[in-house]
Amino acid sequence: MNKPISLSRYLLEKQRESKNESVPQGQIPPKLRLLLEIVARACKRISHAVNKGALGDVLGGAETENVQGEMQKKLDIIANEVLIEANEWGGHLAAMASEEMDSIYVVPNRYPQGEYLLLFDPLDGSSNIDINVSIGTIFSVLKKPEGSNAVTEQDFLQAGAKQVAAGYCIYGPQTTLVLTVGAGVVMFTLDREQGSFVLTDSDVRIPEDTKEFAINMSNMRHWAPPVRRYIDECLAGKDGPRGKDFNMRWIAAMVADVHRILTRGGIFMYPWDKREPEKAGKLRLMYEANPMSWLVEQAGGAATNGKQRIMDIQPTKLHERVSVILGSKNEVERVTQYHNS
Ligand code: AHG
Ligand code: MN
Ligand code: MN
């Protein structure tokens, strides 16, 4: 058997390849390497807290609301604090933004300021925490625009195509960190005895076709006609226009549904619906949809909002929402075509 490669060694090897000033796609500048190491360390700490469950006073509600008007769980807050404390002093970041914070968190003056911006959903799938089902942390890394001095929210408003790294860590039967820096998708599994993430998949690919879809079916009556048509056709199975039977899966944590898709294909949708017509969707563009879209594209899949590629959307605010359709390429293209025809 080959010697296992740790996340640290993987990142170092990617860094070594880039000695020159302009760093080619997929190679990692030293400060970005440090940043990713620290995010991984924070995820390890969150994973330990998640694993303690009822033994660690981490379950249940916190009785506070976040900026999106959602009730926070204790773990939402713990995970947010772990990520901030781990990242604020390293010198690689200018500021952070999180689902759980109204506005951006600028690195305090007492610490050195770096050139990167980190965005995260500290705990995705909050409704799964107390029932012992998979949850995760999603993150996206941007560069602070050239020439900007004091960092502002405006600096964060960059399209997903500008990301320099993106990934998530899923806390399930295994803890797995999934990463892209623009040269494919790699997965690392946490070896608890060694305390390190070990490379377990170096070329993640999503099959172009699938027979599996993920959507919250209870919202069916609220969907727009193109989404309704697509799902109706899937449900008609062998006898319908698709001529094949489909299977449905819904874990209610984007992180876990996307992980399934990266592992064996499928399509995931959280589309716009008419319950709150003024909102583009439920999921947030900058720290849920963009990082997941990049991972999916890097694995050969596609991600759109029904009309356009998610990563091309120019954000207008930090907590902007978006309609999400992602996964196996041919299925995503089909739903998108239904929206555009
Ligand atoms: P979060 O826990 O960060 O608020 O995100 C939950 C999101 C997403 O992960 C998941 O796909 C969706 O909400 C689940 O929504 P339903 O409650 O409609 O199942
Ligand atoms: Mn989330
Ligand atoms: Mn969350």
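Just so you know, all these numbers are worked out from the coordinates, no wet-lab data involved. This is a predicted model, so every value here is computed, not measured. In this analysis, Cβ positions are derived from the backbone assuming ideal geometry, glycine residues included, and neighbour counts consider all displayed protein chains.
So here's what we get for this one:
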item	result
Percent of beta bridges antiparallel (DSSP, segment 1-134, rounded to nearest 5)	45 percent
Segment 135-221 - Kirkwood radius from inverse mean 1/r over Cα pairs (Å)	16.1 Å
Spin-label zone in segment 320-341 - amide nitrogen under 18 Å from a point set 7 Å from the Cα of residue 161 along the C-beta vector	none
Kirkwood-type radius of the chain, with distances r between different C-alpha atoms, in Å	20.4 Å
Dipole magnitude of segment 1-153, debye to nearest 20 (Cβ charges: Lys/Arg +1, Asp/Glu -1, about Cα centre)	1040 debye
Dipole moment magnitude, nearest 20 debye, segment 212-340 about Cα centre, only Lys, Arg, Asp, Glu C-beta charged	160 debye
Inverse of mean 1/r across different Cα pairs in segment 7-201, Kirkwood, Å	17.3 Å
Rounded to whole Å, sorted largest first: equivalent-ellipsoid semi-axes of segment 54-165, Cα gyration tensor	28, 14, 13
Crossing angle, helix 74-87 versus the chain [Cα axis fit, 0-90 degrees, rounded to tens]	40 degrees
Rg/Rh ratio calculated on Cα atoms of segment 200-304 (Kirkwood radius)	0.97
Cβ-based exposure ranking for 164, 106, in which fewest neighbours within 10 Å come first	106, 164
Dipole-positive endmost among 72, 82, 95 within segment 39-100 (Cβ charges, Cα centre)	82
Footprinting exposure proxy for 341, 140, 202 (fewest neighbouring C-beta atoms within 10 Å first)	341, 202, 140
Over the chain: helical MRE at 222 nm, DSSP H runs n ≥ 4 each giving -39500 (n - 2.57), nearest 500	-8500 deg cm²/dmol
Residues 10, 338, sorted so that the one with the fewest Cβ neighbours within 10 Å comes first	338, 10
0 to 90° range, to nearest 10: angle between helix 254-264 axis and the chain longest Cα axis	80 degrees
FRET E, pair residue 252, residue 146, Förster distance 45 Å, beta-carbon r, rounded to 0.05	0.65
For segment 203-247: span of alpha carbons on each principal axis (Å, largest first)	38, 25, 16
Between segment 294-319 and segment 102-137, the Cα center-to-center distance that results, in Å	20 Å
Choice from 280, 95, 214 showing the highest fluctuation, given a GNM over the chain with Cα pairs closer than 10 Å	280
Distance in nm between pseudo-label sites at residue 211 and residue 154 (7 Å out along the Cβ direction from Cα)	5.4 nm
Percent antiparallel among DSSP beta bridges (both partners in segment 212-340, rounded to 5)	75 percent
Cα lying deepest toward the dipole's positive end in the chain, options 126, 269, 49, charges on Cβ	269
Tilt relative to the chain, helix 7-16 - C-alpha long axis, 0 to 90 degrees, to 10	70 degrees
